[in-house]
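Got a structure for you, written out below as structure tokens; questions coming shortly.
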Amino acid sequence: MVDAVLDDYRTAPIDDRHKALFAFIEKMNAQSNLIRRDDVDCLKAAGWTEEAIYDAITVCALFKFYNAWIDATGVHDLPAGAYVMSGKRMAAQGYVR
């Protein structure tokens with residue numbers, strides 16, 4: 001399902017509620033200056049709460065910032081093995097060391 005969403009959320013086997021959210025996020029990434037009340041109202045009509053919309057906006061904005069920062073500073077991604085080890089540690093111990 002993840003691959004289908006990444007390929008094209010519009011045709012992916014997900015509900016219309018999530019398609020509305022992904023359309024909003026797509027617009028936010030491409031044209032955040034054009035987001036209007038109507039865009040948020042469409043999400044509310046699809047069943048998203050104001051808190052969920054706020055969270056989606058925040059996560060999207062933070063990832064956009066992080067990606068721009070990483071691209072501009074030349075910071076390299078972790079190797080795949082490091083993510084595996086980190087995942088095992090977090091599964092066993094949570095986020096706190």
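Looking only at residues that are of a type in the set (A, V, I, L, M, F, W, C) and over 17 Å from the mean Cα position of the chain (by Cα) in the stretch 32-45, which one is surrounded by the most Cβ atoms within 10 Å (Cβ to Cβ)?
Initially, the stretch 32-45 is screened for residues of a type in the set (A, V, I, L, M, F, W, C), giving 34-35, 40, 42-43, 45.
Now restrict to residues that are over 17 Å from the mean Cα position of the chain (by Cα): 34, 42, 45.
Numbers: L34: 9, C42: 15, A45: 10.
My answer is C42.
Within the stretch 46-77, which residues are surrounded by 11 or more Cβ atoms within 10 Å (Cβ to Cβ) and either of a type in the set (A, V, I, L, M) or touching a strand residue (DSSP E or B) at 6+ places or on another chain (Cβ under 6 Å) (or both)? It would help to see each step written out before you state the result.
Filtering the stretch 46-77 down to residues surrounded by 11 or more Cβ atoms within 10 Å (Cβ to Cβ) leaves 46-48, 52-57, 59-61, 63-64, 66, 70.
Once the filter is applied, which keeps residues that are surrounded by 11 or more Cβ atoms within 10 Å (Cβ to Cβ) and either of a type in the set (A, V, I, L, M) or touching a strand residue (DSSP E or B) at 6+ places or on another chain (Cβ under 6 Å) (or both), the stretch 46-77 yields A46, A52, I53, A56, I57, V59, A61, I70.
Coordinate-derived values only; no laboratory data. Note that the coordinates shown come from a computational prediction; the quantities given were computed from them, not determined experimentally. Note that each Cβ is placed from the backbone with ideal geometry, even for glycine, and that neighbours are counted across all protein chains shown.
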